[in-house]
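These notes concern the structure reproduced below.
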Amino acid sequence: MSQAVSEHIVAHLADTSAPPIIAMEKVNKWFGSLHVLRDVSLAVAEKERVVVCGPSGSGKSTMIRCINRLESHQEGRIVVDGTELTDDLRSLDTIRREVGMVFQSFNLFPHLTILENCTLAPIWVRKMPKADAEEVAMNFLSRVRIPEQAKKYPGQLSGGQQQRVAIARALCMRPKIMLFDEPTSALDPEMIKEVLDVMIELAESGMTMVCVTHEMGFARQVADRVVFMDRGEIVESGAPERMFSDPQTDRLKLFLSQILRGH
Amino acid sequence: MGETAATADPRYAGVREQPPAGTTGPWAWAKTNLFGSWWSTAVTLVLGYLLLRFAVEFVSWALLHAIWSVPYDAQGRPDNTACHNAKGIGACWAVISDKYRLILFGRYPYAEQWRPAVCVVLFVGLYVVSAMRRFWRKELALVWVVTLVLIGVLMWGGILGLSYVPEDDWGGLPITLILATFGLAFAFPLAILVALGRRSTRLPAVKLLCVLYVELIRGVPLVALLFMASVMFPLFMPEGVNINKLLRAQIAIILFAGAYLAEVVRGGLQALPRGQAEAADALGLSYWKKTGFIILPQALRLVIPPLVNTFIGFFKDTSLVLIIGTFDLLYMGKIALSDPPWQAFSTEVYLMLAVIYIAFCFAMSVYSRGLERELARAHRR
């Protein structure tokens, strides 16, 4: 079974002609003695939208956190936008500037206003003049449909609004890649849609996205490819329609039956 | 929909806008809190009686029967017979009017004591300006440097026509304020660096150094550290090199306060959710920008209460320098009391010292509570 799966990944790599913007090769990682990533290989092409799913504890969050090195891997290679991830701080800065991230728990800075949240990194990392940074920020805040909240503090906003600010904040850095780590899991049901709508718009604008989520409707609508992980390894991947209608592995079948029952 | 609209709405007609009469106001408060049950009524009455009695006795002693001044004889020696006659009945404030300049300014030349007096005013002004949030910008650092230089010039003199006064002749309140202000002004940045160093994962040597510093300094009483600074330290210095005693005591206080404050700051760093640092990392902020813009503003806000607690503790701990013979406020009080006519009137002198210490500490405490409220309002988390 695993033989067939790795062939599948290689096959997918082969049909993208341009070099991938994210390339993970045989990545392994351990937390203490717990083997959390096992020989994970994944290539993401520019403008590709990848949805990563899998049961909790399957290593999907750890995997995308390796892409901007919030976690460091211990074996294998990760190359992002032509730069290999190493302990070298300069390469780290380069990559983090190009990779935006949205977290499950928003992680807005509570002591700064919405506008300051969005302009801090452009001003201090991109060295953008303050007025320009604010203009860019207002532009993105309009795109996530909350420009009127710019002067408020994160604590005054609802969860859905906070998550949309977090998306705008990441976009203000003009990243080439956006990573989403379960962006809707901490939201009340009535707020999930407003965040997903923003993400769908972003996907349609041609952003390269890697998204850990259980929102299968979203996967169906925007993903080019769905990657299913379990116990630290990529078990199966493919186009969303094929994955959902014709799962090849028992583990994916089990997972799908569980989340469908849950819905 | 505005509030006026809500009241005009017929659906809200008959809805009372006030809570029932007799459930708010001071009378209702007293009824629930002081006279809620027969037991609490009894406690209230007993404590009220004791408080009232104490207050009456104190006013009678401190004001009504107090001796405010005593006659002086031809040699300028005070005649304290009146005080001795009033002992136990009225306070002898004459000791204060006779000795306040010695207590406040020590053995600083009498004619020049306006200089330390101006320094005390400068210190207080510096605290007040620093306390106001609207002055929290880069220029404030300049104000500090200028004020501290000015204080140095005034205290030492030797230029601008001011006579030179060596620091051995300084004493009283300026010494206490110098030790506390310089102590905390240097200890606080030191503490932040040590706290950050102690949490460092990339620099194990720095981390070890910080842990050793905190644990060693914290494990030694301040008194022992002051003794080391004043007695042992000169033994290790080459012949002829002599750092003055006040500076050595000052360094000991900085090191000691730094270790304690570092642990307070570390508490704040640990209380901050990890996601804050991760979000800053993900945005590409460098370590120092992340720390300066994201981590410290939040971490320090979390630890305002223990921080001010430590500040207040150290303001009072500066009085321990008396054991190495530095003439701070408390020590000057003791010296004033060693004058034979006043030996019996320590209560009055210590009361005055207590009032001065309380004034400074209470101001810090009130300010910190105000600051917490103000920051909480601004962020509304």
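The values are calculated or read from the model by the stated rules, or taken from the named source; none is laboratory data. Just so it is clear, the model here is predicted, and its values are computed rather than measured. Note that we place each Cβ from the backbone using ideal geometry, even for glycine, and neighbour counts take in every protein chain shown.
Selection within region A:84-105: residues that are facing chain B (nearest Cβ under 8 Å) and outside any helix (DSSP H, G or I). The member of this set that is farthest from the chain's Cα centre (by Cα) is A:Ser105.
Return yes or no: is B:Ala86 in contact with a helix residue (DSSP H, G or I) (Cβ under 7 Å, 6 or more places away or on another chain) and either more than 28 Å from B:Cys361 (Cβ to Cβ) or modelled with pLDDT under 85 (or both)?
no
In region B:106-116, of all residues being within 16 Å of B:Ser163 (Cα to Cα) and in contact (Cβ under 8 Å) with a residue 40 or more places away in the chain, the one that is surrounded by the most Cβ atoms within 10 Å (Cβ to Cβ) corresponds to B:Pro116. Annotation: B:Ala299 fulfils all but one of (1) in contact (Cβ under 8 Å) with a residue 24 or more places away in the chain; (2) of a type in the set (Gly, Ala, Ser); (3) farther than 30 Å from A:Leu120 by Cα; the unmet one is (3). Scanning region B:266-290 for residues that are within 32 Å of the chain's Cα centre (by Cα) and not basic (Lys, Arg) yields B:Gly267, B:Gly268, B:Leu269, B:Gln270, B:Ala271, B:Leu272, B:Pro273, B:Trp288. Being modelled with pLDDT under 95, within 8 Å of chain B (Cβ to nearest Cβ) and at negative phi is a condition met by no residue of region A:133-146.
Of the set (1) closer than 23 Å to A:Asp93 by Cα; (2) at the interface with chain B (Cβ under 9 Å from one of its Cβ atoms); (3) in contact (Cβ under 8 Å) with a residue 24 or more places away in the chain, all apply to A:Leu120 but (3).
Screening A:Arg49 on (1) within 12 Å of chain B (Cβ to nearest Cβ); (2) surrounded by 22 or more Cβ atoms within 10 Å (Cβ to Cβ); (3) of a type in the set (D, E, K, R) shows it passes everything except condition (1). Residue count for region B:75-101 satisfying the condition of being in contact with a His (Cβ under 7 Å, 6 or more places away or on another chain) and either on the phi > 0 side of the Ramachandran plot or hydrophobic (A, V, I, L, M, F, W, C) (or both): 2.
Could you tell me whether any residue of region B:302-311 is more than 10 Å from chain A (Cβ to nearest Cβ), out of contact with any Gly (no Cβ under 6 Å at 6 or more places or on another chain), more than 20 Å from A:Arg169 (Cα to Cα) and aromatic (Phe, Trp, Tyr)? Scanning region B:302-311, I find at least one residue that is more than 10 Å from chain A (Cβ to nearest Cβ), out of contact with any Gly (no Cβ under 6 Å at 6 or more places or on another chain), more than 20 Å from A:Arg169 (Cα to Cα) and aromatic (Phe, Trp, Tyr), so the answer is yes. Within region B:311-355, if we keep just the residues that are in a helix (DSSP H, G or I), modelled with pLDDT under 90 and among the β-branched types (Val, Ile, Thr), the residue that is farthest from B:Trp170 (Cα to Cα) turns out to be B:Thr347. Just to be sure before I move on: is A:Val27 closer than 20 Å to A:Ile95 by Cβ, within 14 Å of the chain's Cα centre (by Cα) and either in a loop (DSSP other than H, G, I, E, B) or at pLDDT 90 or above (or both) in the structure I sent? No; evaluated as a whole, the condition is false for this residue. Return yes when A:Phe180 is under 19 Å from the mean Cα position of the chain (by Cα), under 16 Å from B:Glu278 (Cβ atoms) and either at the interface with chain B (Cβ under 10 Å from one of its Cβ atoms) or surrounded by fewer than 21 Cβ atoms within 10 Å (Cβ to Cβ) (or both) and no when it is not. It is false that A:Phe180 is under 19 Å from the mean Cα position of the chain (by Cα), under 16 Å from B:Glu278 (Cβ atoms) and either at the interface with chain B (Cβ under 10 Å from one of its Cβ atoms) or surrounded by fewer than 21 Cβ atoms within 10 Å (Cβ to Cβ) (or both).
Conditions (1) part of a loop (DSSP other than H, G, I, E, B); (2) among the charged types (D, E, K, R), marked per residue:
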{"position": "A:Leu112", "(1), (2)": "yes, no"}
{"position": "A:Ala121", "(1), (2)": "no, no"}
{"position": "A:Asp132", "(1), (2)": "no, yes"}
{"position": "A:Asn139", "(1), (2)": "no, no"}
{"position": "A:Gln161", "(1), (2)": "no, no"}
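Residues in region A:106-115 that are touching a Phe, Trp or Tyr at 6+ places or on another chain (Cβ under 8 Å) and more than 9 Å from chain B (Cβ to nearest Cβ) were compared, and the one that is nearest to A:Thr208 (Cα to Cα) is A:Ile114.
Residues of region B:325-380 being of a type in the set (D, E, K, R), surrounded by 13 or more Cβ atoms within 10 Å (Cβ to Cβ) and either within 14 Å of chain A (Cβ to nearest Cβ) or touching a residue at least 24 places away in the same chain (Cβ under 8 Å) (or both), which ones? Selection gives B:Asp328, B:Asp339, B:Glu348, B:Glu372.
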